[in-house]
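Reading through the structure tokens given below for one structure.
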Amino acid sequence: MMRLSGSGQDSPEMDLARGKLFNGAPLITMVDEIAGPDMVKAKLIVDAFGTKAGIRITLKQSPAAPAFRSLASAIKGNEYAAPLRKGDILCFNQVYADTLDGLTVAMVGQVTARTNDMLRGDVQLLTAMARPSKSSYKKTSGATQYLTIVDASKAMSVGSFDDVRKAWDVVKGLKSPGGETGFVIRDGAALQGGDWFAKGNEDVQVFIEQLDQQDAFVGKTFIELIPAWSIKMSRDQVSQDIDLKTETNAPTVGRFGKLFDYGDKKGRLGFHPCAVIIADEPETGFNGSLTGSVVRSVIGVQPCYQRQAINFLKLPTNLREFDGKPNRVATYWTEEQVAALKAERVALRGPDAPITKSSSPAQSSRGRHDHDDDDGRDMQNVGQTGGVRMGAGRR
């Protein structure tokens with residue numbers, strides 16, 4: 001490995017490191033040992049660099065890595081995240097292989113997702129096909145972005161409203177990762193579709209009435225319903241997409257969202273296999289005030305591979321594989337392990353402080369958000385009022 005001379009930012013060695021990092025692959029690991037101020041040994045959770053999950057590798061901070069969200073800062077910790085320790089999940093979007101003292105190491109860039117002892121509640125890591133919404137930031141309502149997770153292995157074909165009711169019973173019986181429960185919807189030709197998520201205490205009858213109003217079964221052999229969940233992103237995760245110092249005029253595709261661009265037009269977001277960290281977070285309402293409630297939130301999300309995202313109309317399921325195999329929602333820890341890890345975190349840091357409702361009115365902003373993945377033709381109005389609209393898709 002070339003050693004940096006420290007002679008300046010524009011040295012050939014630094015340019016080489018930047019180029020390698022820019023073209024680097026994602027990495028999802030569990031920390032096994034802190035080996036230095038900017039180095040850890042970790043086990044692969046997802047195959048990478050031609051190496052199988054479970055193999056122990058060495059991670060070292062690349063000289064081209066940004067100082068913010070760096071491996072070194074994760075190891076040290078700060079007021080928001082406890083110092084890195086054995087057992088923590090650690091994810092990166094850009095990593096490249098290099099040699100150090102004759103050994104192959106993974107030279108890492110920015111930390112994109114991690115667990116730490118300051119996370120609240122039942123912390124779970126899962127892998128699934130996922131798609132972010134566009135993001136926004138308003139001083140009155142705070143940072144807003146959602147992640148849709150689907151279980152493509154359990155898609156159902158429905159041909160009547162009775163079938164829809166049965167499908168809803170199936171979805172309600174699945175283990176929920178959190179958020180709002182619903183469906184990603186496609187017609188029999190996979191040419192149009194949308195999504196629907198139950199708001200609050202809504203029942204499937206709301207969905208059925210909306211389908212009826214749109215004559216959803218008229219002229220169609222069947223409709224495909226894919227079990228789905230819409231989970232709010234944490235403020236920290238939203239900050240990886242947009243600058244939270246500047247208000248947005250409209251829902252925006254930012255740095256993170258661009259990883260889910262599926263190609264034919266910028267701003268159309270598709271599904272990608274991802275590692276997702278979910279935990280509890282204090283809920284905020286309008287004006288950024290605390291509601292006094294705790295909600296399940298996406299603390300961090302990292303695409304697992306270097307590949308293009310998939311338009312939801314071409315998402316492989318157990319009913320239609322297209323060019324791939326359907327992905328299920330796979331949790332990394334069992335319920336017993338989640339409970340044990342929660343108890344361990346509390347023992348190390350002390351119990352969570354209670355969440356106190358802000359003195360100013362804090363109406364929850366949940367239930368009015370943008371699920372749309374593109375310009376509004378596929379999924380116009382979806383999620384904004386709890387409704388579904390079947391629209392024209394693109395091949």
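The values are calculated or read from the model by the stated rules, or taken from the named source; none is laboratory data. Predicted model only: the values in this text are computed from it and were never measured. All Cβ positions, even for glycine, are placed from backbone atoms using ideal geometry, and neighbour counts span all protein chains on display. For accessibility, only protein heavy atoms count, side chains too; no ligands or nucleic acids. Shrake-Rupley method; radii C 1.70, N 1.55, O 1.52, S 1.80 Å.
A216 meets the stated requirement of being open to solvent by less than 10 Å² (accessible area, probe 1.4 Å) and assigned to a loop (DSSP other than H, G, I, E, B).
Annotation: of all residues in region 77-96 being touching a Gly at 6+ places or on another chain (Cβ under 9 Å) and open to solvent by less than 60 Å² (accessible area, probe 1.4 Å), the one that is nearest to P37 (Cα to Cα) is L84. Tell me, which residue of region 179-200 that is assigned to a loop (DSSP other than H, G, I, E, B) and under 22 Å from E283 (Cβ atoms) is least open to solvent (accessible area, probe 1.4 Å)? Among those that are assigned to a loop (DSSP other than H, G, I, E, B) and under 22 Å from E283 (Cβ atoms), it is A198. Of all residues in region 292-310, none are in a helix (DSSP H, G or I) and out of contact with any strand residue (DSSP E or B) (no Cβ under 6 Å at 6 or more places or on another chain).
When I57 is tested against the conditions (1) in contact (Cβ under 8 Å) with a residue 40 or more places away in the chain; (2) surrounded by fewer than 17 Cβ atoms within 10 Å (Cβ to Cβ); (3) among the β-branched types (V, I, T), the lone failure is (2). Scanning region 299-318 for any residue that is free of Cβ contacts under 8 Å to residues at least 12 places away in the same chain, closer than 30 Å to I223 by Cβ and of a type in the set (D, E, K, R) turns up nothing. Of the residues making up region 317-336, those that are open to solvent by 60 Å² or more (accessible area, probe 1.4 Å), over 18 Å from the mean Cα position of the chain (by Cα) and of a type outside the set (D, E, K, R) are N318, L319, F322, T334. As a summary of the residue check, F68 satisfies the conditions (1) surrounded by fewer than 16 Cβ atoms within 10 Å (Cβ to Cβ); (2) more than 14 Å from V111 (Cα to Cα); (3) modelled with pLDDT under 95; (4) not acidic (D, E) except for the one numbered (2). Can you name every residue in region 220-269 that is open to solvent by less than 10 Å² (accessible area, probe 1.4 Å) and in a strand (DSSP E or B)? Hits for region 220-269 are I223, E224, L225, I226, P227, A228, W229, S230, I231, M233, L269.
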